[in-house]
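Presented below is the structure to which this report refers.
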Number of protein chains: 2
Amino acid sequence: MSIADAPAIPPLTPPRRVLLGPGPSPVDDRVLRSMAAPLVGHLDPLFVRTMDEVQVLLRYVFETNNRLTIPVSGTGSAGMEAAVANLLEPGEEIVICINGYFGERMHEMALRAGAIPVRVECEWGGPVDLDKARAAWRASNARVLFAVQAETSTGVLQPLAPLREIVDERDGFLIVDAVTSIGAHSIGVDRNRVDACYAGTQKALSCPPGLAPVTFSDRAVRKIQSRQTPVRSWYLDTNLLTAYWGDGGGGQRAYHHTAPISMNYALHESLRLVAEEGLEARARRHQRNHLALVAGLEAMGLSMLVAPENRLWTLNTVRIPDGVDDLAVRKQLLEEFDIEVGGGLGVFKGKIWRIGLMGAGSTENNVLLLLAALEKCLKGQGYRPLGSGVSAAADYYAGA
Amino acid sequence: MSIADAPAIPPLTPPRRVLLGPGPSPVDDRVLRSMAAPLVGHLDPLFVRTMDEVQVLLRYVFETNNRLTIPVSGTGSAGMEAAVANLLEPGEEIVICINGYFGERMHEMALRAGAIPVRVECEWGGPVDLDKARAAWRASNARVLFAVQAETSTGVLQPLAPLREIVDERDGFLIVDAVTSIGAHSIGVDRNRVDACYAGTQKALSCPPGLAPVTFSDRAVRKIQSRQTPVRSWYLDTNLLTAYWGDGGGGQRAYHHTAPISMNYALHESLRLVAEEGLEARARRHQRNHLALVAGLEAMGLSMLVAPENRLWTLNTVRIPDGVDDLAVRKQLLEEFDIEVGGGLGVFKGKIWRIGLMGAGSTENNVLLLLAALEKCLKGQGYRPLGSGVSAAADYYAGA
């Protein structure tokens, strides 16, 4: 055999960025260190314990008792595809509420699953139009409705109770995207009777990307078990995954795939951090830093994209002032301050910035630093801030 | 909202196992440390460089110039599904050579992709029956043939050139599973004209599980691009993945999913270790330790499952002697010596052990330790070794 010369590639030396974009978020050192632990086999007693405990912790964060609550071995998008590919059969309708980029993605995934999407077109930057959603539900034969709780592309928080009311009109199933809400905003899977909910690990859970927590209600599991056709993905088939993960009770496990051991160590540690802080305290922290940031941005004369009552605490969307160069500001933030913020997607490309305050990144220090750095960048672009964003945020913290 | 009490879960303290099972394999400390590096965004210049370099290194290991050479963001099974789900359309035949567990898995995945599997049933523990494979190819209308280069369930190495000859009879496509060969046995994707090849990271690459290196030939890419139906998985659609990963030339990247940042750090470092050692030296090391282990096992009177000319160097399958308790021996190895070896799958359940010598685990120390520990366990079961396995292996090393 003749083999090419080995490429000479230098080691990576990643800088310590201040990650204030739409994700990944900063990861606590405890979580980073957890991945440096030695590997064990994927059927080792230590790993079986890890799996059991990850399930217990995920049920806490999803606020559910669902038996089928596991991390899928892929990123958030794999969780999304797992939800639709399992719950829907070819030829089945699904009502998809589209008020941002990720509703569009679900439309695409539903097509791949062979389902028939019924689109509920809503304005990007606002919540789902409930009248439209109800009308679409009534006009269709769909048994499943999809909505995004936290639209990462727009910064909108979607209330879930009114969607549950709609699907209850004929005993329907509710799929919810919680990628950017989990670990910050309450999902309340059981309280809201969500039938399938998925998330990623890389937002307010502050774990590196690579796993997708999912949970399915018992009635969703029954629907999946009574499918007429096999799930179109073997890798994401929850029937097989359930046999591998078990119910968290330490029972027998049937080999499916080799779980990502180190990523599960990381998820275990990041969920332990969530449990130590407590979901309610964590929610309050995210809310507080969000409000301080908004106070600062508005004091500078910037305007938020989303109405106050619909804003996510994890992802803040702010309009880019006229005459300010989107890319130049983001480049300066990255190169001069090591700060990452996100640009707009779709119709908001070049129109907004997406500022994430997620998990370990949602801190008073980061809010003040971002406001200070942004002020400098904006001034460099000829924008004259109305007032001091840093002062306004500091005043908010002092009074909060 | 009412939230359940936070579960009190203690931290994980994984033991440092001697991982000599079918995978995951031991991971070099340099790779473990690489995952503890801080995260950057998935579109950060540092991460774009990481992606480019991972592609360069993967092409070296696959021995290919294929443009489409990337790590899929899932485990080896996700790579397997990516190969079949992209290359096959519903209604299309695929000849599947089945001489172990993973041929069966491919059969299942092909069904999920809507394809029509044509089974070539071969004896487990031997290579593919080429006459049968040729007959099946000629009798079918399949354009695609699948085989496993390294059957993790049996320890058999499959020569690829004769399979290429078969599919060349009518310009066919060859899919190869290289999960347990990559980084040890030469794959020679270009030399053998393999059209789609996938692997995992957790065997002889000695990276934690969580990514699946895949490579597709240009003609495979053309077949995929001219599909009449969309790929059934959005997450695994190589058309979308290509737009995200680019060609490794630093061009534009379209957002698809958030790549597992830390896992890509780990893969980058583990591939750098492969390049530093060199593929040929690495192959020789795997061969040498394999031969020493076999010398030791046979000296003790144990017999290998696979004929010498068909043996993998990475995974050694040895028959469990009559009267010896499979589970008791593996339990003692794990609890007394911290050594993991694998049990048999399918027809070989309880009949064989699977001893992995993969990547960082393929060392003289591990061979001697395993033989010493196994001798003790076997004696505890009343088995009287013919001779000293340790001595035979040491003699082999002294003479090699």
Test result for residue B:52, among the charged types (D, E, K, R) and more than 8 Å from chain A (Cβ to nearest Cβ): yes
Filter pass, residue B:340 being of a type in the set (Asp, Glu), buried (at least 20 other Cβ atoms within 10 Å of the Cβ) and outside the structural domain of residue B:100 (by TED's automatic domain parsing): yes
Matching entry among A:275, A:259, A:266 (being within 14 Å of chain B (Cβ to nearest Cβ), modelled with pLDDT under 95 and in contact with a Pro (Cβ under 9 Å, 6 or more places away or on another chain)): A:259
Among residues of segment A:1-30, those that are surrounded by 19 or more Cβ atoms within 10 Å (Cβ to Cβ), more than 7 Å from chain B (Cβ to nearest Cβ) and either hydrophobic (A, V, I, L, M, F, W, C) or free of Cβ contacts under 8 Å to residues at least 40 places away in the same chain (or both), counted: 2
Helices (runs of 4 or more DSSP H) within segment A:282-400 that include 2 or more residues of a type in the set (Phe, Trp, Tyr): A:389-399
Lone unmet requirement of (1) crowded, with 24+ Cβ neighbours inside 10 Å; (2) in contact with a Phe, Trp or Tyr (Cβ under 9 Å, 6 or more places away or on another chain) for residue A:256: (1)
Qualifying residue in segment A:37-44 (condition: aliphatic (A, V, I, L, M), more than 7 Å from every other protein chain (Cβ to nearest Cβ), part of a loop (DSSP other than H, G, I, E, B) and in contact with a Lys or Arg (Cβ under 9 Å, 6 or more places away or on another chain)): yes
Residue, surrounded by the fewest Cβ atoms within 10 Å (Cβ to Cβ), within segment B:72-88, restricted to residues that are among the polar types (S, T, N, Q) and part of a helix (DSSP H, G or I): B:77
Count of segment A:222-243 residues which are assigned to a loop (DSSP other than H, G, I, E, B), within 14 Å of chain B (Cβ to nearest Cβ) and small (Gly, Ala, Ser): 1
Residues of segment B:119-170 classified as part of a loop (DSSP other than H, G, I, E, B) and more than 30 Å from residue B:342 (Cβ to Cβ), total: 6
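Residues are listed down the side, and each one gets a yes or a no for (1) closer than 28 Å to residue B:113 by Cβ; (2) surrounded by 24 or more Cβ atoms within 10 Å (Cβ to Cβ); (3) in contact (Cβ under 8 Å) with a residue 40 or more places away in the chain:
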position	(1), (2), (3)
A:213	yes, yes, yes
A:217	no, no, yes
A:228	yes, no, yes
A:237	yes, no, yes
A:244	yes, no, no
A:252	no, no, no
Of all residues in segment A:155-169 being surrounded by 14 or more Cβ atoms within 10 Å (Cβ to Cβ) and among the aliphatic types (A, V, I, L, M), the one that is nearest to residue A:348 (Cα to Cα): A:156
Criterion (within 16 Å of the chain's Cα centre (by Cα), within 10 Å of chain A (Cβ to nearest Cβ) and surrounded by fewer than 22 Cβ atoms within 10 Å (Cβ to Cβ)) met by exactly one of B:101, B:60: B:101
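The values are calculated or read from the model by the stated rules, or taken from the named source; none is laboratory data. These numbers were taken from a predicted model, which means no experiment stands behind them. Glycine also receives a Cβ, built like all others from the backbone with ideal geometry; neighbour counts cover every protein chain displayed.
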